[in-house]
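I have placed the structure first, in the form of structure tokens, so that the comments after it can refer back to it.
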Amino acid sequence: MSASKPPYPILPSPAPRERLHTRRYEFNGYRRADGLWDIEGRMTDVKSYGFDNDYRGRIGPEEPLHDMRIRLTLDDDFVVRDIETARMAIQSSLTGHLVFSTLHTNDSAGAVSRLLDLGVEPYLVSSSVIAIIAQRLVRRICPDCKQPAEPQENDLRMLGLDAAAEARDHTFYVGAGCDRCFQTGYRGRTGIYELMLVNEEIQNLIYNRENAGTIKKVALNAGLQTLRMDGARKVLAGMTTVSEVLRVTQSDIV
């Protein structure tokens with residue numbers, strides 16, 4: 001069985017522990033004793049941590065998610081948590097919508113396994129997904145107490161850097177701690193990203209239900225830059241520390 005590529009793709013994006021988006025939609029369903037469902041939803045403005053809009057409605061027992069589908073057609077952003085929301089995101093993609101969705105995984109390749117584990121058919125995933133972005137936040141070095149430092153050679157190797165060459169060509173920094181950063185050495189945050197483009201070879205792997213490790217190996221050969229690699233670039237740029245990147249990323253060994 002095959003499926004043609006839709007005009008607009010679904011792009012699952014593993015959500016970070018910290019929020020990067022500006023708004024979030026939440027829906028909860030409660031089934032009453034008489035068989036009816038109470039649907040309660042709200043839209044959160046993350047920037048101000050206030051509530052822009054609240055919605056409450058009541059629907060019949062046969063289609064508990066119908067009203068939520070209507071609300072989500074107004075904004076094609078999905079938080080994928082179960083098979084129902086995953087299917088809604090896929091179907092919106094296949095009907096010509098540009099869909100951005102989020103789900104919790106460790107890296108970009110893990111998003112494929114997560115969708116398959118939820119019960120989405122492999123041919124739908126392979127024909128709908130064209131790109132997956134993993135993202136994390138790292139703390140920035142405080143500019144008021146920033147000072148040169150010499151990292152451990154083992155830490156540099158774990159980060160994928162040549163200890164001798166990088167120590168010779170770059171200066172590494174840490175924050176000593178000051179009143180402006182509350183003695184932490186960090187002030188502010190920045191993102192590190194991992195973009196996996198789904199090419200034809202990866203599509204075939206998805207269709208055959210290959211594991212995330214196999215998919216990641218192929219993506220690396222195709223030029224994938226992992227979270228740790230992007231973090232290493234920000235270390236070399238003097239934006240954050242080696243220990244901070246190691247704290248929020250996992251090893252690239254697959």
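The values are calculated or read from the model by the stated rules, or taken from the named source; none is laboratory data. Just so it is clear, the model here is predicted, and its values are computed rather than measured. So basically every Cβ, Gly included, is an ideal-geometry build from the backbone, and we count neighbours across all protein chains shown. Surface accessibility is based on the protein's heavy atoms, side chains included, excluding ligands, DNA and RNA. Shrake-Rupley method; radii C 1.70, N 1.55, O 1.52, S 1.80 Å.
Data table
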quantity	calculated
5 Å-binned pair-distance histogram of region 195-253 (Cα, whole percent)	4, 18, 24, 17, 15, 11, 7, 4, 0
Inter-label distance, nm, simple model (7 Å from Cα along the C-beta direction), ARG189/ALA131	2.3
Gained length - ALA222 relative to HIS170, 0.36 nm times residue gap less alpha-carbon distance	15.9 nm
Protection proxy ranking, peptides 112-120, 206-214, average beta carbon neighbours within 10 Å, highest first	112-120, 206-214
For region 163-249: accessible area per residue (Å², 1.4 Å)	52
By average C-beta atoms within 10 angstrom, highest first, the peptides 98-110, 231-243	98-110, 231-243
Region 89-213 shape via C-alpha gyration tensor axes, a/c threshold 1.5	prolate
Protection proxy ranking, peptides 183-193, 86-96, average beta carbon neighbours within 10 Å, highest first	86-96, 183-193
